[in-house]
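Encoded as structure tokens, the structure appears first; notes follow it.
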Amino acid sequence: MSDISTQGSHAFFALRRLDNKFTDQQNGINDFMESHANGENPDPALFSKLLEQRSVTHQAMQAQFKLHEKPLKTVLNETK
């Protein structure tokens, strides 16, 4: 049972780290939009880079969740 608990802890830590990264990227996008709204001319390449990074981070979060979900479903099915 401790293996499942340890795996859950690692998955939770990875998801939390990815969520923090996602939030930082969203804040960067918000800063870009605010700068643009204030009449500044921020670098459009930066905006594209932030969107791409956010997309990749989101995909990583989904993959990490699925890795955790699969063993959990297996355990739940075996205990029926």
Note to self: Given a 1.4 Å probe and heavy atoms of the protein chains only, how would you sort T57, T23, largest accessible area at the top?
What the structure shows: T23, T57
Notebook entry, point to check: Over the heavy atoms of R16, what accessible area does a 1.4 Å probe trace out, to the nearest 10 Å²?
Noted result: 130 Å²
Checklist line | Accessible area (Å², 1.4 Å probe, nearest 10) - K49 | finding: 110 Å²
Note to self: Just to verify a number: what accessible area does D43 come out at with the full protein assembly present, 1.4 Å probe, Å² rounded to tens?
What the structure shows: 90 Å²
Check: Which ³J(HN,Hα) values in Hz, rounded to whole numbers, follow from the phi angles of the range 28-36 under the Karplus curve 6.51 cos²θ - 1.76 cosθ + 1.60, where θ = phi - 60° and Gly and Pro get x?
Finding: x, 5, 4, 4, 4, 4, 5, 4, 5
Notebook entry, point to check: Roughly what would the spin-label model give for R17 and V56, points 7 Å off Cα along C-beta, in nm?
Noted result: 1.5 nm
Checklist line | Where M61, M33 fall by accessible area, highest first, once all protein chains stay in place (1.4 Å) | finding: M33, M61
Note to self: Can you work out the Karplus-derived ³J(HN,Hα) for every residue in the range 41-50? Use 6.51 cos²θ - 1.76 cosθ + 1.60 with θ = phi - 60°, whole Hz, and x for glycine or proline.
What the structure shows: 10, x, 5, x, 5, 5, 4, 4, 5, 5
Notebook entry, point to check: Hey, quick one: spin label on H10, modelled 7 Å out along Cα-Cβ, who in the range 38-60 has an amide N within reach, i.e. under 19 Å?
Noted result: 60
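The values are calculated or read from the model by the stated rules, or taken from the named source; none is laboratory data. These figures come from a predicted structure and were not determined experimentally. All Cβ positions, glycine included, derive from the backbone under ideal geometry; neighbour counts span all protein chains shown. Heads up: the accessible areas ignore ligands, DNA and RNA and are worked out on the full protein's heavy atoms, side chains in. Shrake-Rupley method; radii C 1.70, N 1.55, O 1.52, S 1.80 Å.
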